[in-house]
Amino acid sequence: MNNKAIITSALPYANGEIHLGHVASTYLPADVTTRFLKQKGVEAYYICASDDYGTPILIQAEREKKNPEEYVKFWNKRDLEDFTALGIEFDLFYRTSSPENIEFVQDVFKKLLENGHIYEKEIIQFYCKFDKKFLPDRYVIGTCPYCKAEDQYSDLCEKCGRVPAEIENPRCAICKNPPTKEKTKHYFFKLANFINDLTGWLEENQHLQKDVKKYVQNWIRDGLVDWDITRDISWGVPIPLPEAKGKVFYGWFDNHLAYISSSIKFLNDKGIDGKKFWNSADIYHFIGKDIVYHHYLFLPAMRLGIKKEYKLPDYIPTRGHLMLQAKKISKSRNWYIGLKEFLDFYPADYLRFYLTSITPHSQDDLNFDWDEFAAKINSELIGNVGNFVNRALGFVQKMGGTVPGGDKFDSADQQAMDRIKQLSADVGSLLEQNHLDRALKKILEFSAHFNQYFQQKEPWKGGAGTNNCIYVSANAVRSIAIALLPFIPDSAEKIWNQLGMKEKLSEQSWDSISEFDLKPNHKLGAVSPLFKKVEESDIKKHKAKLGAES
Ligand SMILES: [Zn+2]
Ligand SMILES: [Zn+2]
């Protein structure tokens, strides 16, 4: 394991509130991973930023009679508040419109130009004579030339995940009329220059998911299309050439560069050499599968094009889309749950626990189901973990509040103690492989074992093995608190306080999970139930709200 890491997640587009669909595949897995790496003693930083540019933002700002700067500032602040409420702990949440990023993007462009990877071409661009504007990207809808899916954006087919070279049967997305075509000069990035290098990188990098790799390799085999990086709009990073006045970069040229520019700013501000750190750290980019093309092709190609001045990613954990009650999330059909709204009803840890447990390290789609949510919280989080912690600590409290010593351990005690000794390695190795769901399941199995152990030893009868059972169980609670910290940090802190620990939970090393640090005569804090049950009547109300007219 590298002792340095930079973790990023797909940048939230500063154009609307964060909903559950955003959280499951990227922000939460990245946060869990960063917290774990920090516990492992890795110097790890979680860096993110709002994605501030592009046509949809410009148009929406105009509609709300705000200037785009004001508009994205609002969403940057709101997004950070919502993420923070979920316990997502960024080391820096910055923005793609920062002066540092603008300068960095322009610098990368100049280097790509010098290195022969950019060329200029006159192109014919869709233009709407009714709306009197060029129609880039989302402003043209039509049929995907590859999979023939209808009503797809001209810059991304949501059905097959590819970027169409030219959309078929185009229409203006604003007024639905067929657009006309006008001439304009654009800059192109020669993606085809990198076919060999990209192929080599994909083969070499053993951390990338095999299934994702496979279809990226198929795309390369089919041939890569050069990439138009120019937009004729007013909101974006200006192209730094006198002849390109009034033109800006396409959002996908500048946004992922903010992974680097924001990291460098953060590190330099801390007095660390940012570039040196980046190039000696493990680089993680957490994404959803809709942006595989951008992260496995554009992003590495651009870093290759500036001669690997900044190293390529080591890990690109890629996860599927979240469905809601087995249907595609849609804001327009009110088939979505805002993060803020969810957190008004339930603690952040309930969502973190549930989403982590249903989100594998694969591109399979996930499903948020209200009934399953209630069942998992009530039976697994509360019925298993909550029950054991409360039983074990409640018993210590009844005995006077101090942990007894143990001796002459029997085979059940030994088995339980072996579980504690094994836990850090068992859970840790799964976390290292990014199997967060399976790691969480291991902790649940551990807790279930201790429920059984407690039941079997019957300490309430006050028999010979009572002290041993309580000593081992109290130590198991301590192990659970440390192991749960990356997943459900608020609850882990609560357990930690109930244990009456003097040291900070965040300063406990991951490996200390397997130590017996709760010594005889240790005094507990105040003990109380950790969780509140999810009520069926509330679940009914949540379900009725979905899809209803607002
Ligand atoms: Zn398609
Ligand atoms: Zn139009």
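The values are calculated or read from the model by the stated rules, or taken from the named source; none is laboratory data. Quantities reported herein were computed from a predicted structural model and do not represent experimental measurements. As a convention, Cβ positions derive from the backbone with ideal geometry for all residues, glycine included, and neighbour counts pool all protein chains shown. Quick note on the areas: whole protein, heavy atoms, side chains included, nothing else; ligands and nucleic acids left out. Shrake-Rupley method; radii C 1.70, N 1.55, O 1.52, S 1.80 Å.
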Check your understanding: Against the longest principal axis of the chain, how steep is helix 536-545, in degrees 0 to 90 to the nearest 10, with axes from Cα atoms?
Key -> 0 degrees
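Using Cα pairs closer than 8 Å and at least 6 residues apart in sequence, work out the relative contact order for the chain, in percent.
Details: 934 pairs, mean separation 90.5, N = 550.
With pairs under 8 Å counted, the relative contact order is 16 percent.
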Check your understanding: Along the range 117-123, what does the Karplus equation 6.51 cos²θ - 1.76 cosθ + 1.60 (θ = phi - 60°) give for ³J(HN,Hα), rounded to whole Hz, x for Gly and Pro?
Key -> 9, 10, 9, 9, 8, 7, 10
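Mind checking the alpha-carbon convex hull of the chain and giving the volume per residue in Å³? Write out the running numbers ahead of the final one.
Values: hull volume 86.2 nm³, N = 550.
Cα convex hull per residue, to the nearest whole number: 157 Å³.
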Exercise for review: Report, to the nearest 10°, how far helix 195-204 tilts away from the longest principal axis of the Cα atoms in the chain, using its own Cα long axis and a range of 0 to 90°.
Suggested key: 10 degrees
Check your understanding: So which cysteines of the chain have no other cysteine's Cβ under 4.7 Å from theirs?
Key -> Cys48, Cys175, Cys469
Exercise for review: First compute the accessible area of the chain with a 1.4 Å probe, then give the percent of it belonging to carbon and sulfur atoms.
Suggested key: 48 percent
**Study point:** In order through the range 78-87: 3J(HN,Hα) via Karplus (6.51 cos²θ - 1.76 cosθ + 1.60), integer Hz, x for Gly, Pro
**Key:** 5, 4, 4, 4, 5, 4, 4, 4, 8, x
Point to revise | Under-5 Å amide H pairs with Ile123, H placed in peptide plane, nonlocal only | key: Thr184, Lys185, His186
Check your understanding: Once amide H atoms are built 1.01 Å from N in the peptide plane, which residues 5 or more positions from Glu43, or in another chain, come under 5 Å H to H?
Key -> Lys4, Ala5
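May I ask you to compute the full-extension gain from Asn2 to Glu445, defined as 0.36 nm times their residue separation minus their alpha-carbon distance, rounded to one decimal in nm? Show your work: numbers first, answer last.
Numbers: separation 443, 0.36 × 443 = 159.48 nm, distance 2.92 nm.
My answer for the length gained is 156.6 nm.
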Revision key, fill the gap. With +1 at each Lys and Arg Cβ and -1 at each Asp and Glu Cβ, the charge dipole magnitude of the chain around its Cα centre, to the nearest 20 debye, comes out at 420 debye
Point to revise | Length gained when the stretch Ala375-Glu120 is fully extended (0.36 nm per residue, less Cα-Cα span) | key: 86.0 nm
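Whole number in Å², please: accessible area per residue of the range 224-272, 1.4 Å probe, ligands, DNA and RNA not counted. Please report the intermediate quantities before stating the final value.
Working: 1720 Å² over 49 residues.
Roughly 35 Å² per residue, with all protein chains present.
Going by a ≥ b ≥ c, the root eigenvalues of the Cα gyration tensor, does the range 196-270 fall in the rounded group (a/c under 1.5), the prolate group (a/b larger than b/c) or the oblate group?
Working: a/c = 3.07, a/b = 1.40, b/c = 2.18.
It is oblate, given that a/c is not under 1.5 and a/b is not larger than b/c.
Filter Lys442/Lys532; Lys73/Lys181; Lys398/Lys519; Lys73/Lys190; Lys441/Lys494; Lys275/Lys504 down to the pairs with a C-alpha to C-alpha distance above 25 Å, please. Please list the in-between numbers first.
Details: Lys442/Lys532 23 Å; Lys73/Lys181 34 Å; Lys398/Lys519 18 Å; Lys73/Lys190 33 Å; Lys441/Lys494 20 Å; Lys275/Lys504 32 Å.
Result: Lys73/Lys181; Lys73/Lys190; Lys275/Lys504 exceed 25 Å.
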**Study point:** Table column - 3J(HN,Hα) (Hz), the range 156-165, Karplus curve with 6.51, -1.76, 1.60, x for Gly and Pro
**Key:** 6, 8, 6, 6, 9, x, 9, 9, x, 5
**Study point:** FRET efficiency for Lys502 and Lys421, using Cβ-Cβ distance with R0 set to 22 Å, rounded to 0.05
**Key:** 0.40
Review point. Long-range amide H contacts for Phe286: which residues qualify at under 5 Å (H placed 1.01 Å from N, peptide plane, sequence gap of 5 or more or a different chain)?
Key: Thr8, Ser9, Ala10
**Study point:** Value of D in µm² per second that Stokes-Einstein yields for the range 425-527, Kirkwood Rh from Cα pairs, at 37 °C (0.692 mPa s)
**Key:** 227 µm²/s
Review point. Once the Cα atoms of helix 466-484 and of the chain are each reduced to a long axis, what angle between those two axes, in degrees from 0 to 90 to the nearest 10, is obtained?
Key: 10 degrees
Check your understanding: So how compact is the range 215-368: Cα radius of gyration and Dmax in angstrom?
Key -> 19.3, 55
Exercise for review: Run the 1.4 Å probe and let me know the accessible area of Glu120, rounded to the nearest 10 Å².
Suggested key: 90 Å²
**Study point:** Sequence ranges 414-422, 76-84, ranked by mean other-Cβ count within 10 angstrom, highest first
**Key:** 76-84, 414-422
Check your understanding: On average, how much accessible surface per residue is there in the range 396-550, in Å², for a 1.4 Å probe, leaving out ligands, DNA and RNA?
Key -> 49 Å²
Revision key, fill the gap. Sorted on mean Cβ neighbours within 10 Å (highest first), peptides 344-354, 483-493, 214-224, 253-263 come out as 253-263, 483-493, 344-354, 214-224
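Taking only DSSP H segments of four or more residues, each worth -39500 (n - 2.57), what value at 222 nm results for the chain once the sum is divided by all its residues, to the nearest 500 deg cm²/dmol? It would help to have the intermediate numbers written out before the result.
Details: 19 runs with 228 residues, N = 550.
One gets -13000 deg cm²/dmol as the mean residue ellipticity at 222 nm.
If you average the sequence gap of Cα pairs under 8 Å that are 6 or more apart and divide by the length of the range 1-101, what percent do you get for the contact order? Write down the numbers at each step before the final one.
Values: 123 pairs, mean separation 37.4, N = 101.
Averaging sequence separation for qualifying contacts and normalising by length gives 37 percent for the range 1-101.
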Practice item. Name the residue farthest towards the positive end of the dipole of the chain from the options Phe368, Gln415, Tyr284, assuming +1 on Cβ of Lys and Arg, -1 on Cβ of Asp and Glu, about the Cα centre. Key: Phe368
**Study point:** Reach of Lys541 by Cα under 13 Å, taken over aspartates and glutamates that are not fewer than 8 positions away in the same chain
**Key:** Asp371
